[in-house]
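Structure first, commentary second.
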Amino acid sequence: MNTMKIFLLTMLVSLASVSLFSQNTNSKLLVKYTSETLTEMQLSNSSELDILEYFVDKGFYFVDMPDKPIEFEELVKINPETGETVEDFDMSTIDFNNFNPLEFNCEYKANRKGYYRVGNTGKLLIVRHRIDIENKVENERRVLQK
């Protein structure tokens, strides 16, 4: 009987911690990752989770398309469940204020920025490189510790 009580208590504590973590999780991450995956990431590799959270919120920015020639890729909407391109998506409907890079083909690269043309909007999406994101995450940690 005691074993059953301990098991139930353990399950209850586990569910409560997952629930609490899920409430603090950036909802943009749930487009690609499950709550369980994010909880596991928090427990085993929290710095990678911090990088992902920064990426979906501040790891990119939009600018007007420059007049000078620049190498870029076309920004493409991706179905997060299948990984396939959403062919009929109209780029002019992008909500620049609530943009979620996990819903598109953009990603951060190890040591160089990514450039993506946003359809015919006249905008260019610039994705910070991983080293820059890591530095910014570390700077935010330092500020919070003060």
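Odds and ends about this structure:
- Counting only residues that are in contact (Cβ under 8 Å) with a residue 60 or more places away in the chain and not aliphatic (A, V, I, L, M), segment 48-86 holds 9 of them.
- In segment 22-52, the qualifying residues are those that are among the charged types (D, E, K, R) and either farther than 21 Å from Arg128 by Cα or in a helix (DSSP H, G or I) (or both), and the one that is nearest to the chain's Cα centre (by Cα) is Lys28.
- Selection of first residues in segment 30-45 that are under 21 Å from Asn79 (Cα atoms) and of second residues that are surrounded by 14 or more Cβ atoms within 10 Å (Cβ to Cβ) and of a type in the set (D, E, K, R), restricted to Cβ pairs under 9 Å at least 6 apart or on distinct chains, gives the following pairs, ordered by first then second residue: Val31/Glu103; Lys32/Glu103.
- Matching residues, segment 58-96, being outside any loop (DSSP other than H, G, I, E, B) and of a type in the set (Asp, Glu): Asp64, Glu73, Glu74
- Segment 97-113, residues that are closer than 17 Å to Lys32 by Cβ and not in a helix (DSSP H, G or I): Phe99, Asn100, Phe104, Asn105, Cys106, Glu107, Tyr108
- Against the conditions (1) modelled with pLDDT of 90 or more; (2) assigned to a loop (DSSP other than H, G, I, E, B); (3) under 22 Å from Val118 (Cα atoms), Phe55 satisfies every one except (2).
- Selection count where residues are among the hydrophobic types (A, V, I, L, M, F, W, C) and surrounded by fewer than 15 Cβ atoms within 10 Å (Cβ to Cβ), scope segment 32-61: 1
- Only one entry in Ile94, Ile70, Ile126 is farther than 24 Å from Asp50 by Cα, aliphatic (A, V, I, L, M) and touching a strand residue (DSSP E or B) at 6+ places or on another chain (Cβ under 8 Å), namely Ile70.
- Positions within segment 90-145 being under 15 Å from Phe62 (Cα atoms) and among the acidic types (Asp, Glu), in sequence order: Asp95, Glu107
Conditions (1) touching a helix residue (DSSP H, G or I) at 6+ places or on another chain (Cβ under 7 Å); (2) β-branched (Val, Ile, Thr); (3) loosely packed, with under 10 Cβ neighbours inside 10 Å, marked per residue:
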{"position": "Val63", "(1), (2), (3)": "no, yes, no"}
{"position": "Pro66", "(1), (2), (3)": "no, no, no"}
{"position": "Ile70", "(1), (2), (3)": "no, yes, no"}
{"position": "Lys77", "(1), (2), (3)": "yes, no, no"}
{"position": "Val86", "(1), (2), (3)": "no, yes, no"}
{"position": "Asp95", "(1), (2), (3)": "no, no, yes"}
{"position": "Phe99", "(1), (2), (3)": "no, no, no"}
{"position": "Glu103", "(1), (2), (3)": "yes, no, no"}
{"position": "Glu107", "(1), (2), (3)": "no, no, no"}
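The values are calculated or read from the model by the stated rules, or taken from the named source; none is laboratory data. Source: prediction; values computed, not measured. As a convention, Cβ positions derive from the backbone with ideal geometry for all residues, glycine included, and neighbour counts pool all protein chains shown.
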